[in-house]
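To start, the structure under review is shown below, and the notes come after it.
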Amino acid sequence: MPYRKDALGNNEIYHVYSRSIAQFQIFNSSNDFKRMILSLHFFKHTDPGIKFWQYYESLKFHKINTYNHDMFNGKEPLVDLIAFCMMPTHIHLILRQVTDKGISRYMYMLLKSYTQYFNFRHSRKGPLWESRFRNVHVKTDEQFLHLTRYIHLNPCTSELVKNPEDWNYSSYKEYTSPRSSENNGICEFNGLLDMCPKKYRTFTNDRKDYQRKLHLIKHLCLE
């Protein structure tokens, strides 16, 4: 398993992202997105004790926000998943490393598993992701807060949806809805987000148009 030369620290938070080769669209259906989101939950454990397909079948994809947490009781985590957003050509994650080389091990299994699934489904061979994943160290509470907003607004910025709540493939709804048996989620942000769900919705949506304008300006400057 390849490891990164720039060692990532335990108990530190990172923005981790990975893009497809040549901006190839790697999520083409709701099941593609859902499979990756289930993988986010499954592979964060050092030894899940079962195969991914067994976990996949146990959930039957009835609901995207229903997960079997009991299956992993007592399992040591590699990382804490704090936030995520799946896009058609790339993924954004906010992770806290729990064990040595945890993020590298997690990303290796996550990306490898999806590549195998995608290549089998499309009778394809070869790599799917652009080199290794990239990461940015999140050093302050303010940086963390603005980063969650940035990744949750990605679908709006790319004009895939009008509002962040319209995109089913991010952790935005976990951040803006109280936890319950029907919304048990997979992200662990307690103690990190000092903001109630209602205030977070306002905080995020107030930036929606501005972030889209910045995105357009960026592309104009690159032309």
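The values are calculated or read from the model by the stated rules, or taken from the named source; none is laboratory data. Keep in mind the model is a prediction, meaning the values are calculated, not measured. Note: ideal-geometry Cβ built from the backbone for every residue, glycine included; neighbour counts use all protein chains shown.
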(message) Here is a check on your reading of the model: is residue 111 farther than 18 Å from residue 13 by Cα, at pLDDT 95 or above and not in a loop (DSSP other than H, G, I, E, B)?
(response) yes
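Table: residues versus (1) at pLDDT below 95; (2) among the aromatic types (Phe, Trp, Tyr); (3) surrounded by fewer than 17 Cβ atoms within 10 Å (Cβ to Cβ).
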site	(1), (2), (3)
60	yes, no, yes
69	yes, no, yes
85	no, no, no
106	no, yes, no
146	yes, no, yes
(request) Sort out which residues of region 35-57 are over 17 Å from residue 120 (Cβ atoms), outside any loop (DSSP other than H, G, I, E, B) and touching a residue at least 60 places away in the same chain (Cβ under 8 Å), and write them in order of number. (result) 37, 40, 41
(request) Enumerate the pairs (first residue in region 196-217 and outside any helix (DSSP H, G or I); second residue anywhere and at pLDDT 90 or above) with beta-carbon separation below 8 Å, excluding pairs fewer than 6 apart on the same chain, so at least 6 apart or on different chains. (result) 207/149; 207/153
(request) Would you be able to say whether some residue in region 149-166 is in contact with a strand residue (DSSP E or B) (Cβ under 8 Å, 6 or more places away or on another chain), at pLDDT 95 or above and outside any helix (DSSP H, G or I)? (result) no
(message) With the requirement that a residue be surrounded by fewer than 14 Cβ atoms within 10 Å (Cβ to Cβ) and of a type in the set (A, V, I, L, M), what does region 108-121 give you?
(response) none
(request) Go through (1) of a type in the set (Phe, Trp, Tyr); (2) surrounded by 15 or more Cβ atoms within 10 Å (Cβ to Cβ); (3) at pLDDT below 70 and name the single condition residue 210 misses. (result) (2)
(request) Could you check residue 146 against (1) more than 30 Å from residue 7 (Cβ to Cβ); (2) free of Cβ contacts under 8 Å to residues at least 12 places away in the same chain and say which number it fails? (result) (1)
(message) Residue pairs, Cβ under 6 Å, 6 or more apart or interchain, first in region 93-112 and among the polar types (S, T, N, Q), second assigned to a helix (DSSP H, G or I). List them.
(response) 97/103
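Conditions (1) within 24 Å of residue 42 (Cβ to Cβ); (2) in contact with a strand residue (DSSP E or B) (Cβ under 6 Å, 6 or more places away or on another chain); (3) surrounded by 13 or more Cβ atoms within 10 Å (Cβ to Cβ); (4) at pLDDT 90 or above, marked per residue:
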| position | (1), (2), (3), (4) |
| --- | --- |
| 123 | no, no, no, yes |
| 176 | no, no, yes, yes |
| 184 | yes, no, yes, no |
| 215 | no, no, yes, no |
| 218 | no, no, no, no |
